[in-house]
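Notes follow the structure.
The values are calculated or read from the model by the stated rules, or taken from the named source; none is laboratory data. Keep in mind the model is a prediction, meaning the values are calculated, not measured. Because the Cβ atoms are built from the backbone with ideal geometry, glycine has one as well, and the counts that use them run over all protein chains shown.
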């Protein structure tokens, strides 16, 4: 029974982080693309495309962190102590990004607005890159001593593989953001945004292929579940087909379907990551016995069981609220006196 609860919580944490990647991924991508448009009016449209939802999207990250703390406290403790500086930088980037959105239009001067536009772009880029670097470190492994104590430095977490995963996440979020903007813009700006989609998809596919090749060469253990169960090969195949289907949907004017398929591709990719890691949650580069997995790092059965009931009650409410917000703010962006 305890094993089933641990598997359930591994899935719940994965779903919550996937929800964050899908929802905050597109608005981080919009930030990366922000400087590609020149006029103040068009930049305001990009900001207001994410304006009603960007802060709510980050709630998924907070919820995922809370679920990780409740279900796998040793993973939470080791991750936040080992990646402390990286998480502080990520938090600073996310806060600074929110400040940029709010204060950018408080003054009419072009110098003021251009400065905050650059801040919005930089913080979005840094946040996306750090998320990818963190995923790369979790897969690659970090030095963990007995007692789940991390021993390492920030610079040791930056190497070719983690930089590659970081660039892959940046490309993924940029692609996702471009597709979202096609859904939210119209007129000349929409035509401009449409021209970004195919190059963004191509850049992501190249990064994805390089990351896959590097993973097969440097981290063959990540491929073992797929070799043992060939049917799991449908997961990477599904992600690739979802991505390749986006240009066709964009061409036929089915922007909402294109965005849903882009979201589906992110879900497939994180599913691929989760399957490759299972049952580990943080790999140890030293003694394999010190790796943190869902068995040795979980809370007590009573805690897992109690929290499971809370998830089963609360998750539908969160999903319902998210769907409601996106329904309320659906449609093309129209600027008014209350816009950023």
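Among residues of the range 2-24 that are more than 23 Å from residue 58 (Cα to Cα), those with a Cβ under 6 angstrom from a residue that is in a helix (DSSP H, G or I), sequence gap 6+ or separate chain, pair up as 2/301; 5/304. One residue is enough: does the range 175-186 have a residue meeting the conditions surrounded by fewer than 19 Cβ atoms within 10 Å (Cβ to Cβ) and modelled with pLDDT under 95? Within the range 175-186 (the criterion being surrounded by fewer than 19 Cβ atoms within 10 Å (Cβ to Cβ) and modelled with pLDDT under 95), the answer is yes, since at least one residue qualifies. In the range 267-320, of all residues being at pLDDT 90 or above and part of a strand (DSSP E or B), the one that is surrounded by the fewest Cβ atoms within 10 Å (Cβ to Cβ) corresponds to 293. Remark: pairs (first residue in the range 307-324, closer than 19 Å to residue 68 by Cα; second residue part of a helix (DSSP H, G or I); Cβ separation under 6 Å; 6+ apart in sequence or on different chains) = 307/70; 311/12.
Please tell me if residue 246 is closer than 16 Å to residue 278 by Cβ and either part of a helix (DSSP H, G or I) or at pLDDT 95 or above (or both). Considered against the rule, which asks whether it is closer than 16 Å to residue 278 by Cβ and either part of a helix (DSSP H, G or I) or at pLDDT 95 or above (or both), residue 246 comes out as no.
If I filter the range 193-213 down to residues being touching a residue at least 40 places away in the same chain (Cβ under 8 Å) and surrounded by fewer than 16 Cβ atoms within 10 Å (Cβ to Cβ), which single residue comes out as farthest from residue 246 (Cα to Cα)? Ranking the qualifying residues of the range 193-213, first place goes to 210. For residue 39, the conditions (1) surrounded by fewer than 22 Cβ atoms within 10 Å (Cβ to Cβ); (2) out of contact with any helix residue (DSSP H, G or I) (no Cβ under 7 Å at 6 or more places or on another chain); (3) at pLDDT below 95; (4) farther than 21 Å from residue 194 by Cα all hold with the exception of (4).
The residues of the range 161-192 that are free of Cβ contacts under 8 Å to residues at least 40 places away in the same chain and over 16 Å from residue 125 (Cα atoms), listed by number, are 187, 188, 190, 191.
Kindly indicate the residue of the range 115-160 that is in contact (Cβ under 8 Å) with a residue 40 or more places away in the chain, in contact with a strand residue (DSSP E or B) (Cβ under 9 Å, 6 or more places away or on another chain) and in a loop (DSSP other than H, G, I, E, B) and also surrounded by the fewest Cβ atoms within 10 Å (Cβ to Cβ) among those meeting that condition. So, considering only residues that are in contact (Cβ under 8 Å) with a residue 40 or more places away in the chain, in contact with a strand residue (DSSP E or B) (Cβ under 9 Å, 6 or more places away or on another chain) and in a loop (DSSP other than H, G, I, E, B), the one surrounded by the fewest Cβ atoms within 10 Å (Cβ to Cβ) is 152. The one condition from (1) closer than 30 Å to residue 171 by Cα; (2) touching a helix residue (DSSP H, G or I) at 6+ places or on another chain (Cβ under 8 Å) that residue 311 does not meet is (1).
Counting the residues of the range 64-95 that are at pLDDT 90 or above, within 21 Å of residue 25 (Cβ to Cβ) and surrounded by 15 or more Cβ atoms within 10 Å (Cβ to Cβ) gives 8.
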